[in-house]
Amino acid sequence: MDEAVPQRPLIDQIVPMAVLRAEYENGSASFVKQIDYLVAQSFTGIRRTRGDGDCFYRSLAFRYVERILNSPDPAMSVGSAISTLDASLPMLEAAGFQPLVYEDFYETLGAIIKRVVQPDDSNATLTSSLLLEAFQNPEVSNSVVVFLRLLTSAQIRTDPDEYAPFLFHPELGEPMTPREFCETFVEAVGKEADHVQMTALARALKINFSVAYLDGRSADGHVDFVKFNEDVEDGLEPLVLLYRPGHYDVLEKRTEELPVVG
Amino acid sequence: MAGIASRRLAKELKEIHTQGCPVGIQLLSADNFEEWHLSLEVMGDSQYQGEVFALKFRFEPQYPISAPAVQFMVTDKYKSPVHPHVYSNGHICASILGTEWSPVLSVIGVCVTLQSMLASCKKKERPPDNDRYVRHAPDNPKQTRFHYHDDTV
């Protein structure tokens with residue numbers, strides 16, 4: 001890392017899509033067209049993450065908790081998320097991870113989710129701004145990222161037949177065993193996620209999400225949305241990420257943070 | 001609440017004390033959550049029969065999210081093993097300690113990996129750039145951006 005370049009926060013406040021558009025206005029017309037397409041689909045805002053290789057996991061995690069926070073029935077959404085996560089712990093063990101390896105990370109994620117309905121030590125339940133604060137704190141934010149990496153890895157390792165045909169070295173193109181793939185490209189901090197990791201994590205968390213591919217390749221400005229685990233119906237706001245070559249952010253249907261109520 | 005490194009290291013230490021270390025690995029000192037020393041011996045047939053090495057682990061507050069700084073100790077008592085990935089100042093060129101570090105690894109996990117790296121050594125020799133590297137090496141091996149000699153360790 002070049003220390004002289006000021007770094008973007010791990011995850012930032014929502015800004016209007018116009019901010020992203022401005023960055024492409026003097027460069028790529030096809031990106032601008034695609035951004036306009038997204039705005040027309042009412043994706044008017046973007047929450048950006050730092051490009052540190054953890055951006056997929058961090059974007060997804062933030063939005064995963066934010067949807068629970070904004071749920072019409074938060075208590076039920078918290079309960080269902082916690083029960084899914086608790087039920088995934090035996091899978092982590094089956095994948096060969098000792099409790100020592102995952103329990104601190106799980107505790108961190110579990111505590112944030114539970115805080116939606118239960119006040120923490122400071123007697124405050126989670127708000128949008130406290131959620132952002134938590135995800136901007138490297139220790140909390142990275143712990144959550146690591147837990148999602150372990151979940152993704154365990155999902156692949158414990159269902160090798162399902163994933164093995166899709167495990168290739170991202171640069172060399174050679175097939176890899178689930179173990180090699182997971183050690184090198186899932187568990188290792190800062191390694192970018194690809195389609196396989198995304199599929200596995202959607203299944204492990206029992207959520208559906210989609211990724212809008214902003215790649216500048218479409219002549220008419222159309223943007224492809226790739227859906228993961230689309231059969232799952234959870235009654236929550238959609239979780240949509242924005243992909244630009246090598247990077248993920250969160251797409252939002254609003255141009256700024258929700259006003260603080262009460 | 002204690003930081004993430006102390007929480008994790010406290011658990012690792014407890015496990016070492018209750019379950020012991022794998023054969024050939026011993027805890028020399030772990031009096032704080034900043035620096036631990038362990039000894040390492042390769043068991044069975046190997047290039048390093050009869051040699052005992054010592055590893056120094058240094059932890060940042062973000063361990064195990066950030067990799068520990070790990071090196072072989074070079075003291076009156078301990079020498080750096082002669083190995084194609086180990087410099088004479090004890091620094092180790094291994095991707096698991098750099099770009100492929102994962103929080104799944106633990107102190108003992110790193111020791112076991114390095115033990116098997118030594119065990120599989122066919123020819124005792126220093127990395128080709130040893131002299132040049134050692135002359136300018138930083139105190140902390142994590143400040144070096146190694147070009148990994150191969151990706152098998």
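Here are the numbers for this structure:
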| quantity | calculated |
| --- | --- |
| Whole-number D in µm²/s for region B:36-89 (Stokes-Einstein; Kirkwood sum over Cα pairs; 25 °C, 0.890 mPa s) | 198 µm²/s |
| Accessible area in the full protein assembly, largest first, 1.4 Å probe, for A:K33, A:K114, B:K56, B:K123 | B:K123, A:K33, A:K114, B:K56 |
| Residue pairs, from the table B:K14/B:K142; B:K14/B:K79; A:K206/B:K142; B:K11/B:K142, whose Cα atoms sit over 31 Å apart | A:K206/B:K142 |
| Protein accessible area in region B:4-143, 1.4 Å probe - carbon and sulfur % | 51 percent |
| Relative contact order for chain B, counting Cα pairs under 8 Å that sit 6 or more residues apart, in percent | 21 percent |
| Taking all pairs of distinct alpha-carbon atoms in region B:4-143, Kirkwood radius in angstrom | 15.4 Å |
| For A:F43, solvent-accessible area (1.4 Å; no DNA, RNA or ligand), Å² | 20 Å² |
| Accessible area in square angstrom per residue, region A:2-252, 1.4 angstrom probe | 43 Å² |
| Probe 1.4 Å, all protein chains present, accessible-area order of B:V74, A:V223, largest first | B:V74, A:V223 |
| Net charge over other residues, Cβ less than 13 angstrom from the Cβ of A:K114 (K, R count +1; D, E count -1) | -3 |
| Within-11-Å neighbourhood charge of A:L258 [Cβ basis; K, R +1; D, E -1] | -3 |
| Peptide A:178-191, shielding by other chains (average Cβ, 10 Å cutoff) | 4 |
| Total accessible area lost when B and A pair, probe 1.4 Å, Å² to nearest 100 | 1700 Å² |
| Accessible surface of region A:48-169 [probe 1.4 Å, protein heavy atoms]: carbon and sulfur percent | 52 percent |
| Computed accessible area, A:L126, all protein chains, 1.4 angstrom probe, square angstrom | 10 Å² |
| Region A:1-127 - Rg (one decimal) and Dmax (whole number), Cα, Å | 18.8, 52 |
| Shielded residues, region A:139-158 - accessible-area loss of 50 Å² or more between chain alone and all protein chains, probe 1.4 Å | A:E139 |
| Cα-derived Rg to Rh of region A:2-252, Kirkwood definition | 0.96 |
| Accessible area in the full protein assembly, largest first, 1.4 Å probe, for A:K206, B:K11 | A:K206, B:K11 |
| Net charge over other residues, Cβ less than 12 angstrom from the Cβ of B:S29 (K, R count +1; D, E count -1) | -2 |
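The values are calculated or read from the model by the stated rules, or taken from the named source; none is laboratory data. Nothing here was measured: the structure is a model prediction, and the numbers come from that model. All Cβ positions, glycine included, derive from the backbone under ideal geometry; neighbour counts span all protein chains shown. Ligands, DNA and RNA are stripped out before the accessible areas are found, and what is left, the full protein with its side chains, is counted by its heavy atoms. Shrake-Rupley method; radii C 1.70, N 1.55, O 1.52, S 1.80 Å.
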